[in-house]
Amino acid sequence: MAVSLGFHIIFASIGMAMPFLMALSHYRWIRTGKTVYLDLTKAWSRGVAIFFATGAVSGTALSFELGLLWPRFMEHAGPIIGMPFSWEGTAFFLEAIAIGLFLYGWKRLSPWVHWSVGLAVGVTGVLSGIFVVCANSWMNNPAGFEWFDGNALHIDPVRAMFNPGWKTQTLHMTLAAFEATGFAVGGIHALLLLRRPGSALHREAFKIALLIGSLAALLQPLSGDRLAKGTAIRQPVKLAAMEAHFHTERGASLLIGGIPDVAGKRVRYGIRIPYALSFLARGDLHAEVKGMEEFPESDWPPVLVVHAAFQVMVGAGSALAALALAFLFFSARMPRLLLHRRFLIAAALATPLGFVALEAGWTVTEVGRQPWIIYGIMRTRDALTPMPGLVYPFLVFTTVYVFLAAVVAWLMVRHIRAADKEFPSASASAPDRPGGLHA
Amino acid sequence: MPEIPAGGSAMLWVVILFLGLSLLLYCLLAGADFGAGILEIFMGRDHRRTQREIIDRALGPVWEANHMWLILMVVILFMGFPLVYSKVSTYLHLPLTAMLMGIIARGCSFTFRHYDAVKGRSQRLYTLFFIYSSVWTPFWLGVVTGALVPGGVGLSRAGYLEGYVWPWLRPFPLALGAFTVSLFAFLAAVYLIGESREKIIRERFARRAYLSSAAAMVSGGLVFWAAQKDGVDLAARFMGSPASLACVAGATLIMPLIWLGLAREWGWASRVLAGAQVTLILAAWFAVQFPTLVKMADGHDLTFFNAHAPEATLDQLGIALLAGSALVLPSLFFLFSVFKSEGAGSGEQ
Ligand code: HDD
Ligand code: HEM
Ligand code: HEM
């Protein structure tokens, strides 16, 4: 399950953000008539098609897998939290329609209608992401029902969907999708620019992708901070695990790095920033932050994993935010530095960082919630399917996803190589010929 | 026969209607997509390219949307009939997993075939995956559906085989799988005739349509025979309800008309007739099943009326379905009108 989700979420994030990058380039083409933007839109749209199809089939598999693995969870959660899923279904449907129209509609739709369907792919993609994260947020912040003797009573699907965590979590996830996709795409084009300086296609692609990634990267720490404040109130044990914070303190210090020693309830190595944790979690330097010791050990998540994942996410997020600042500053003040070798190398090195942060973030959320599947209500082990021999389907799904990921990566390499040959604007320093709409 | 309680909330009926509708549209639209893949297996060497291009062009813009109906079904079951969703996915874990593998293989290979930037040897591999998963997936869909009927699922006797294998590894589900495959191939053949301009290709598809309709009739007979073997008197059940009897009669009577239509090249009329036939078959099925959703080995069958979610949930689900279809149906109509109007060629660049 975690493997499928970990896989799906990459495709889903690209499906959410990539249409916006495409729409931006498409918009510039219609406005300026420069063929480089047309080439770029087409090159990107083929990538989108591959990712969309893979995202769609992995999503279809997920909607079954949830039941295959966690039938008891789904049985109870369905009536409570089915609502965002049913809206998600609608959004997917619209997205699938829009993508069919976009990919095959070049000659059949007028330019602006065509552009709007492209944008609609992105909007419906983001909506579906928001809906499904509402469901996940409910697992972290159960609301909209009363739990009585192993049964849910007085179900209120609306309150369950708009549970206390939905705003912060969906915002954070949406930003993560834009950030991860923006930097991944920008990084690949930076690499190609290093090989072929002067390529107009890669230059424009690099700028568009990094612009979107950078805006998200600067907002992300703010949204992460809001999220953490909610976690401190509603899931204090998760927050404590993220920080490897064993003992309740006032004026708690923020820990960076370090190796938690769970048995000894302390942390080796690591840097402490005094008062920072209290401030981050509560907005007050002297506030009390609960430590793991407040909770029975049977309710502890695996501290080491959660703490490490959190460090990875924040570390990668900070690195990207620094890159984003540089990008925005250069764009505004010294555009020539944008294409400087060193900056391109930095951007190329950052290619995987956004997705690393995204996967680490999900690890924090998901592992940090353990041993609960619905926080405080149902334990993960009680939700598992009774079918014996689960390791086999697990192996099958894992193999399939690993194989698929490899195929898609291979296809992307072929796709980039072919686009390099096909579009004149990609290869050399082709001048930006104005091409008109029907060039 | 389980009782149908009087009254029942209006939203429950909306939800049931949408469940039936999504199943129907999945069979009519996605079924034809699968069928196109099945037909590729039987394509002769000559004209193979043209026929494949026709299939690519016909499916390309719409296949994603066509497959959404399955997701809609899953969502409705999950939210509206959670117990059904959880029981089915527990006890039919294996055939469902098999079906999922097919869905993954098929969707990916179709897209990769089209979008792989290098059209080289890998194309043959994609095609291989595409055509065989087009048979594999509907086969398992039929098996899963069939397993809901005869002996029932559930752990009456402990044990892996009794619980997780025998409920579906028996004549009836397997025969239903074979029937589903041939029915989908038949649908595709009839739909595809209208997609080609060349006479010789149209004749090819027409021949496939005859053959697959014959295959559907043979495997349909097989379904009745297998049901008998599994202790379900399907024939008697079909005769038992006037609604299903009418549907079966209708489906049978349409057959000669379809043949006539194929011979005379009726175009759209043939498509409508073939669609109507599949609709009638499903309706007959629905009429004998209703209101049972899953037969349980312990006798406590799950029905529309005893396994539904609480009122508040059904209301939200009904609202989502109604509002969602107000958005989806016009867009879907637009999609089909852009790509499926008479004489539509490819608009892709
Ligand atoms: C909307 C739901 C959802 C989403 C978006 C995610 N997960 Fe999850 N995850 C679940 C829904 C879920 C779950 C099915 O509900 C589990 C099963 C047990 C649990 O507590 O939640 C779960 C558990 C779970 C566990 C605990 C291990 C276990 O008991 O099996 C891990 C390590 C992950 N997930 C990892 C991930 C990763 C890497 C994700 C994304 C990249 C992710 N989850 C997204
Ligand atoms: C429990 C977890 C999930 C389930 C059951 C699920 C289900 C699905 C399904 C059925 C599809 C296919 C529909 C289509 O073709 O568009 C899909 C695609 C998609 N999912 Fe998920 N999903 C899950 C997790 C997520 C998460 C966490 C996100 C993102 C934040 C997400 C975002 C998307 C998006 C954007 C698509 C569209 C495909 C694309 O554009 O590539 N999903 N998902
Ligand atoms: C730099 C500052 C960041 C902070 C302070 C931060 C904070 C957090 C916190 C506290 C959580 C756990 C939320 C919970 O379960 O209650 C979380 C989850 C997550 N983070 Fe971050 N994060 C940051 C950066 C990033 C970046 C850069 C990305 C990806 C590009 C990212 C992606 C995610 C994802 C995908 C999740 C899980 C999904 C979710 O809960 O919405 N985060 N983050």
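Quick look at the values:
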quantity: Residue in the stretch A:72-93 that is more than 9 Å from every other protein chain (Cβ to nearest Cβ) and of a type in the set (Asp, Glu) present; calculated: no
quantity: The stretch A:192-217 residues that are on the phi > 0 side of the Ramachandran plot, paired with ones that are surrounded by 24 or more Cβ atoms within 10 Å (Cβ to Cβ) (beta carbon under 8 Å, 6 or more apart); calculated: none
quantity: Given (1) at pLDDT below 85; (2) surrounded by 18 or more Cβ atoms within 10 Å (Cβ to Cβ), number of the condition A:ALA360 does not satisfy; calculated: (1)
quantity: Evaluation of A:ALA418 against (1) more than 9 Å from every other protein chain (Cβ to nearest Cβ); (2) in a helix (DSSP H, G or I); (3) surrounded by 13 or more Cβ atoms within 10 Å (Cβ to Cβ) (one fails), failing number; calculated: (1)
quantity: Residue list for the stretch A:89-120, filter: modelled with pLDDT of 85 or more and within 16 Å of ligand 1 (Cβ to nearest atom); calculated: A:ALA91
quantity: So A:GLY125, is it within 16 Å of ligand 3 (Cβ to nearest atom), within 26 Å of B:LEU77 (Cα to Cα), away from every other protein chain (no Cβ under 11 Å) and surrounded by fewer than 24 Cβ atoms within 10 Å (Cβ to Cβ); calculated: no
quantity: One residue from A:PHE162, A:PHE145 being among the aromatic types (Phe, Trp, Tyr), away from ligand 2 (no atom under 16 Å from the Cβ), within 14 Å of another protein chain (Cβ to nearest Cβ) and surrounded by 24 or more Cβ atoms within 10 Å (Cβ to Cβ); calculated: A:PHE145
quantity: Matching option when the condition is within 15 Å of A:VAL185 (Cβ to Cβ) and more than 10 Å from ligand 1 (Cβ to nearest atom), among A:SER13, A:SER63, A:SER25; calculated: A:SER25
quantity: Scan of the stretch B:35-92 for residues that are surrounded by 22 or more Cβ atoms within 10 Å (Cβ to Cβ), over 14 Å from B:GLU195 (Cβ atoms) and at pLDDT below 75, ordered by number; calculated: B:GLU64, B:ALA65
quantity: Flag for A:VAL185 being within 14 Å of another protein chain (Cβ to nearest Cβ), away from ligand 1 (no atom under 16 Å from the Cβ) and of a type in the set (Val, Ile, Thr); calculated: no
quantity: Of all residues in the stretch B:73-88 being at the interface with another protein chain (Cβ under 7 Å from one of its Cβ atoms) and touching a residue at least 60 places away in the same chain (Cβ under 8 Å), the one that is farthest from A:SER58 (Cα to Cα); calculated: B:LEU83
quantity: Filter result (within 13 Å of ligand 1 (Cβ to nearest atom), among the β-branched types (Val, Ile, Thr) and under 13 Å from A:GLU179 (Cα atoms)) within the stretch A:345-373; calculated: A:VAL356
quantity: Positions within the stretch A:43-71 being at the interface with chain B (Cβ under 7 Å from one of its Cβ atoms), of a type outside the set (S, T, N, Q) and in contact (Cβ under 8 Å) with a residue 40 or more places away in the chain, in sequence order; calculated: A:ARG46, A:ALA49, A:ILE50, A:ALA56, A:ALA61, A:LEU68, A:PRO71
quantity: Complete set of residues in the stretch A:375-387 that are more than 10 Å from ligand 3 (Cβ to nearest atom) and either over 12 Å from A:GLU75 (Cβ atoms) or part of a helix (DSSP H, G or I) (or both); calculated: A:GLY376, A:ILE377, A:ARG379, A:THR380, A:ARG381, A:ASP382, A:ALA383, A:LEU384, A:PRO386, A:MET387
quantity: Helices (runs of 4 or more DSSP H) lying entirely in the stretch A:300-353 (those with 3 or more residues that are farther than 14 Å from A:PHE206 by Cα); calculated: A:303-333
quantity: Unique residue being within 13 Å of chain B (Cβ to nearest Cβ) and exposed (fewer than 15 other Cβ atoms within 10 Å of the Cβ) when the list is A:LEU395, A:LEU384; calculated: A:LEU395
quantity: Any hit, the stretch A:193-204, residues being under 30 Å from B:VAL338 (Cβ atoms), modelled with pLDDT of 90 or more and in a helix (DSSP H, G or I); calculated: no
quantity: Pairs, first touching a residue at least 60 places away in the same chain (Cβ under 8 Å) in the stretch B:300-323, second in a helix (DSSP H, G or I) and aromatic (Phe, Trp, Tyr), C-beta under 8 Å, six or more apart; calculated: B:LEU321/B:PHE18
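The values are calculated or read from the model by the stated rules, or taken from the named source; none is laboratory data. Please read all numbers here as calculations on a predicted model, not as lab measurements. Backbone-built Cβ (ideal geometry, glycine too); neighbour counts: all protein chains shown.
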